[in-house]
1. I'd like the distance separating the alpha-carbon centroids of the range 69-122 and the range 154-176, in whole Å.
2. Could you work out which residue, out of A171, A48, A29, moves most in a Gaussian network model of the chain, that is, has the largest mean-square fluctuation with Cα springs under 10 Å?
3. By count of other Cβ within 10 Å, fewest leading, how are W130, W8 ordered?
4. Looking at the chain as a GNM with Cα springs under 10 Å, which of V38, V84, V113 has the largest mean-square fluctuation?
5. When every alpha-carbon pair in the chain is counted, what percent end up more than 31 Å apart?
6. Efficiency by 1/(1 + (r/R0)^6): what FRET value for L150 and M42, r their Cβ-Cβ distance, R0 = 22 Å, to the nearest 0.05?
7. What share of the DSSP beta bridges in the chain is antiparallel, in percent to the nearest 5?
8. Taking 0.36 nm per residue of sequence separation and subtracting the Cα-Cα distance, how much length would be gained by fully extending the chain between E98 and W8, in nm to one decimal?
Amino acid sequence: MDETRGPWRVHGTRIAYDNPWMQVVEHDATRPDGKPAVYAVMCPKHVAIAVLPIHADGSIEMVGQHRFATDRYEWEIPEGGGRVGGDPLEDARRELKEETGLTAMRWLQMLEVDLSNSITNEPAIGFIAWDLTDGEAEPEGTEVIEPRRLPFAEAVQRAVNGEFRDMLTVAMLLKAHYMAANGLLDAGLARAMLSGE
C-alpha cells in the first residue's frame, strides 16, 4: 500500500543496513516530478544530546576528541546519545558526568533541532547546565577525551570564525549568546557569560 510523504509517494521500504546504533532504510519511491527513486534514510537508534556547561565565572567546558567519521580532532561541547522515548535531561546529566566529571544543579533545555534532515531523521536536544561541581570523568571505551575551559565570548568568536565545526556546538553557543544578550537566561548567569565581551 502506497504512502504519501509530502510530494513524494512511497511504495515500499526495506532495511538495507542495521547495527546497534543505526539503521539505513531504503524507500522505493516516486519523486515529486514523477520519476522513480530510491531514497535512503539513516535512522539512528538514539537521540543526540548536547550540554553547554557554564562555570560561575562564565567560562564553558569543552572536550576535544578524535572523530572517526571525519578523521579529525574536534573541539565540542559534551555530547552523546540519549534513549529514544527516554528522559533527555537524565541522558544529559549522564553525558556531562561521563565526559567532564561535572555535575550541575541547574539545567535549561534550550534547543531542539533536526540534524542533516536530508539524509537522517536524527533529532538533537541541547541543555545549558550551571551551578557546576567538579568530579571524575567516566569516559566510555570509545572515547579519549581532553577537557578544556574557555571564556564564553572566546568560544562564541571561535565558532563564528569556523574553528569549531560540530554543528551542535556552534548552534548551542550562538543560541546561548542570543539568549544571554536578550534577557532570556538567569540574569546572574547571563552577566557572567557576557562579562568578557
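Read the figures in this text as sums done on the coordinates, not as results from a lab. Remember, it's a predicted structure, so these values are computed and weren't measured experimentally. Every residue, glycine as well, gets a Cβ built from its backbone with ideal geometry; the counts of neighbours run over all protein chains shown.
1. Using only Cα atoms to place each centre, the spacing works out to 15 Å.
2. Of A171, A48, A29, the Gaussian network model singles out A29 as fluctuating most.
3. W8, W130
4. V38
5. 28 percent
6. Values: r = 32 Å, r/R0 = 1.44.
That pair, L150 with M42, gives E of 0.10.
7. Restricted to the chain, the bridges split so that about 85 percent are antiparallel.
8. 28.2 nm
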